[in-house]
Structures are given as C-alpha cells and as structure tokens.
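Encoded as structure tokens, the structure appears first; notes follow it.
The values are calculated or read from the model by the stated rules, or taken from the named source; none is laboratory data. All of these numbers come straight from a predicted model, not from anything done at the bench. Note that each Cβ is placed from the backbone with ideal geometry, even for glycine, and that neighbours are counted across all protein chains shown.
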Amino acid sequence: MTKAQIGIYGLGTMGSALALNMADNGFDVAVTNREVAWITSFMDEASDLAGDLAGKLHPYDDLAGFVAGLASPRVILFMIPSGRPMDMMIEAIAPHLDPGDTIIDGGNANFHDTRRRSAELTRQDIHFVGMGVSGGESGARYGPSMMVGGTAHSWAQLKPILRAIAAQFEGDPCVDHLGPDGAGHFVKTVHNGIEYAEMQVIAEIYGLLRNGAAWTPAKIGKMFAEWDKGPLRSYLVEITGKALQYDDPITGHPIVDVIKDAAGQKGTGRWTVVEAVRLGQAANMIEAAVGARSWSSEKDTRQLGEQVLGGARAAITLGSATMAEAFLAARILGYAQGFRILEASAKEYDWPLDYARIAEIWRAGCIIRSAMLDDISEAFQGELPAGQLILSPHFAQELARCIPALREVVAAAITGGHAVPALAAALSWYDTMRQGFGSANIIQAQRDFFGHHGFERLGEEGKHHGPWWD
Ligand code: 6PG
C-alpha cells in the first residue's frame, strides 16, 4: 500500500482545498476528519474532479490507520479551529507518533500557543510547526502564500511539498521557512494586521465617496478597477472593485447597499495590536482598523448616536487622483507599521526574520499581495536609514509625493464630519516620525511633577528633576 508523503487532518474548506492542491501536484496525501461523513463527501468531490485526484488521496476514518498510512518520518498537517481543538488533537495523536515526526498547525493560531506546543513536543522529539496559510479557499486550492515556522528538520520534509503547491510569483514559490517555533504564525498574524489596516483604508475611501460625494457603488467600483491596473494594484483593490459592481439578486439594488455595516473579526488583527503594544510598538493604523471593526458592530448605539448627537456629514469633493495618492501613502505606512512589529518580535524572540523575503512571499497568493511588495523587498535589501522603511530613498520620495493628498483627504473628511480613523492615524504617525522635536517634554514635566519620575535634559546625561522639587 502507498505510504502517503503527508497527512491532512481536517477536511473543512481550507483542509480539503490544500489536500486537492497537493494531490494535483502529484503527492500522495492521507486524509481524515473528526466527522467521518466529511471524508466520504470529500472523496466523492475528488473523484468528480478532472484528473481523478482520488487516486492520490488515501482516506482513513481512524487516527491509528491514518498515522500508519504515512511514510516516515511522518508529516501531519492539522487544518482545524485554533485553540483548544489543537491541544486536544496533539494529545490524541502524539502516542501514535515516533521521534522525528512533525505535526503542523495550519490554522490562524496564536503564536504564543505555537511556542508552547513546540516546546512541549520537543521533549518527545516530535517537531511542531506553526504555518500561516494565506489566500482563502481559492488560495489553498490553487496557490496560497505560506509562512512556515519550526525546525530545519521539519522544513526539509515540508519544502518540496509546499514549494510545489504555493502561489508562484515569476516562478518564485511564495513560501519559506521564516524561523523557529512561533515565527511562521506570528508573521501570518502581522500579515492579518496589515490586511485589517488596508481593508479599513479602503472602507474609509469608499465611505467618503459613497457618503460624502454621493458616488454610486458601481462608479466607486470602476475607480477601484482602474486603480488595480496601476501602482495601487492589489488583491484587496481588485475584489473591492468587483464587489462594488454587483447588484443584489433579491432587491436589484447594489449589493453593498444591502449589507449590514457591522464588520466581523476572528481575532488575528486584535492579536497583532496586543503584541505590538507588548513589544513597545504603536501600530496605530492597525489599532484604528481593529477599533473601527469593533465600533461598527455597535450598530444600534450608532443609530441612537445619530439621533442624539446628529449625524450630519458634509459633502466631499475630492477627485479620484487625490484619493489614489492618499491611498498609496496610507498603504506604505500600513506595511511599514507591520514590518516594525516584525522587527520588534525578531529582537524579542530571537527570530532571524528576513524582511525582504517575507515581502517576497507575500507577492502572490496572500490577501495583502500588491504591486508595492517588490519595492518593499528591494528597500529591505538596500540602504535603510535607522532600519525604517519610510526613510528608505524610494519610500521617503513616494511619501513626499503622496502625503499632501493624504493630508487633503483627512482634512476634508475631519472637517466634514466623516470618520477616517485609519487614514488619520497614518497621517499622525507620519507627522510624528518627521518631527525632530515633539511635545513629550511636557509629559516628562508632568510625570516628574506628580510622581518625581525625573527626566533627561537635552544634551546631558543622567536623571534630573524639575525646580518644583527644590
Ligand atoms: C488570509 C486571511 C484569513 C482570515 C480569515 C478571517 O490570509 O487568508 O487573513 O486567514 O484570517 O479570513 O479574517 P477576519 O480576522 O477578518 O475574521
């Protein structure tokens, strides 16, 4: 009987798509699922597909049989909900495994859990890999971007399979081994933080045009479709342009006009913010995006607020060229904030993160893929003053060109009563980072006044106190 090169536990949307992708690429894949009925329906689906992928898929309805069906050293990919289910599955499967085997968590797991699991399993010489998989169902089926953590031993086994199934950017597979233990899952978490920021920026631009300039959804969609042909090209711009041009099959109205304006969030954006703050990083665009999602879910309160506080919003007359430049500036700043969090995590956890390579494996397959990632990768390989992306020659120049438009858009929005938390955060962060002398000196005076905390004097070493303590 053929021993499978990899096993997939969990035949939900992502797990089954990955299994088909691997079979499509010629790998023998053992598959199983907690609900046995899912295995049958998955195999039926595979049999119906062109190329009869079922021949490369080996179903098992019991864990022992599933493990026995794997070539050694075994590689088992779990595509199951993050959290407690992963711990339960580790408990269930570890007794069946041998030293040198690898368990992979391909879910959106919290990297702290991944670090813990990796340390626990190391004691049994079992390798634990946290792998971020980006690109949704179609990405998993035809080419995701994958961010892999774990040991070199596991990567040596995973590399040929993952490079074969990954999205390709000009022949370069969008997958790599980024570092030990939680590195892969954390890079995915920050990917999602950048995703949240970009989605919020797009929502704010859409909102200004829809609610401020009274553009129709279709007109806004056509603008995004145009932007997707130029320097703003990205997956999120592409799908936004398409979504805005659909009509609701039930009412005939633009579909976006019948969707409730309350955003969901499974938590990865929130984790990014929590970790950023813990690492001493202020990713105010990502925080604004997470906050905006939370506020959007308070629909009833906001409707009451409109009655009590008045919901007036002024008309906005900003052209699409100005919006495009404002968006480009905000995208640069959003990516820059994400990479600063990664840099802080690399120091904290001693991960050898390669930022140029991370930008490269985001160029295709993942949700934040965009035309800008090539320039970001190049910037990380070149002169980077103080390690800051926004100070690189290319991006400093791009920001100088586009910030006036961001300033104009934020000013018009705020003056007109339109909420633009992410765009405003982007501008505030930019303006902060270009001030050699800010205003934190008065905070130091206050802290010393009430708490005797002391302060540094300009150009002098040591701790000083104000004359209020004489
Ligand atoms: C990806 C996406 C995906 C995302 C889920 C839920 O990279 O494919 O980021 O993993 O986490 O679609 O996203 P929310 O956090 O918005 O619920």
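Take the residues of segment 447-470 that are charged (D, E, K, R) and surrounded by 12 or more Cβ atoms within 10 Å (Cβ to Cβ): which is nearest to residue 437 (Cα to Cα)? Don't jump to the end; show me each part of the working.
Our first condition is that a residue be charged (D, E, K, R); within segment 447-470, this holds for 447-448, 456-457, 460-461, 463, 470.
With the extra rule that they be surrounded by 12 or more Cβ atoms within 10 Å (Cβ to Cβ), the set shrinks to 447-448, 456.
Values: 447: 19, 448: 20, 456: 14 Å.
Once the filter is applied, the top-ranked residue is 456.
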Any chance residue 359 is part of a loop (DSSP other than H, G, I, E, B), of a type in the set (Gly, Ala, Ser) and closer than 22 Å to residue 165 by Cα:
no
Hits in segment 179-202 (condition: among the aliphatic types (A, V, I, L, M), closer than 14 Å to residue 149 by Cα and more than 13 Å from the ligand (Cβ to nearest atom))
183
Suppose we filter segment 284-313 for residues that are within 25 Å of residue 343 (Cβ to Cβ) and within 16 Å of the ligand (Cβ to nearest atom); how many remain?
7
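Which helices (runs of 4 or more DSSP H) does segment 123-237 wholly contain that include 3 or more residues that are more than 21 Å from residue 370 (Cα to Cα), assigned by TED's automatic domain parsing to the domain that holds residue 399 and without any contact (Cβ under 8 Å) to a residue 60 or more places away in the chain? Explain how you work it out, then say what you get.
Working: elements: 136-142, 152-165, 183-207, 217-227.
Of the helices (runs of 4 or more DSSP H) lying wholly inside segment 123-237, those with at least 3 residues that are more than 21 Å from residue 370 (Cα to Cα), assigned by TED's automatic domain parsing to the domain that holds residue 399 and without any contact (Cβ under 8 Å) to a residue 60 or more places away in the chain span 217-227.
Return yes when residue 82 is of a type in the set (Ser, Thr, Tyr), assigned to a helix (DSSP H, G or I) and modelled with pLDDT under 95 and no when it is not.
Values: of a type in the set (Ser, Thr, Tyr): yes; assigned to a helix (DSSP H, G or I): no; modelled with pLDDT under 95: yes.
Against the criterion (of a type in the set (Ser, Thr, Tyr), assigned to a helix (DSSP H, G or I) and modelled with pLDDT under 95), residue 82 does not qualify.
Restricting to segment 364-403, and then to whatever is aliphatic (A, V, I, L, M) and part of a loop (DSSP other than H, G, I, E, B), can you tell me which residue is farthest from residue 144 (Cα to Cα)?
Only one residue tops the list, namely 384.
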When residue 281 is evaluated against the numbered criteria (1) within 12 Å of the ligand (Cβ to nearest atom); (2) at pLDDT below 95, which criterion, by number, is the only one it fails?
(1)
Residue that is surrounded by the most Cβ atoms within 10 Å (Cβ to Cβ), among those in segment 183-241 that are among the hydroxyl-bearing types (Ser, Thr, Tyr) and under 17 Å from residue 259 (Cβ atoms):
240
Quick check on residue 168: is it under 30 Å from residue 129 (Cβ atoms), more than 15 Å from the ligand (Cβ to nearest atom) and at pLDDT below 95?
no
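Within segment 85-93, is even one residue outside any helix (DSSP H, G or I) and away from the ligand (no atom under 16 Å from the Cβ)?
No: zero hits.
Could you list all residues from segment 255-271 that are hydrophobic (A, V, I, L, M, F, W, C), within 15 Å of the ligand (Cβ to nearest atom) and in contact (Cβ under 8 Å) with a residue 24 or more places away in the chain?
First, the residues of segment 255-271 that are hydrophobic (A, V, I, L, M, F, W, C): 255-256, 258-259, 262-263, 271.
Of the ones still in play, those that are also within 15 Å of the ligand (Cβ to nearest atom) are 259, 262-263, 271.
Selection gives 262, 263, 271.
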How many residues, within segment 453-470, are acidic (Asp, Glu) and either in contact with a helix residue (DSSP H, G or I) (Cβ under 9 Å, 6 or more places away or on another chain) or not in a loop (DSSP other than H, G, I, E, B) (or both)?
1
So which of 123, 141 is modelled with pLDDT of 95 or more, over 22 Å from the mean Cα position of the chain (by Cα) and among the basic types (Lys, Arg)?
123
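Name the residues in segment 347-370 that are more than 16 Å from the ligand (Cβ to nearest atom) and closer than 22 Å to residue 21 by Cα, would you? Walk me through how you get there before you give the answer.
Of segment 347-370, the ones more than 16 Å from the ligand (Cβ to nearest atom) are 347-357, 360.
Scanning segment 347-370 gives a single hit, 360.
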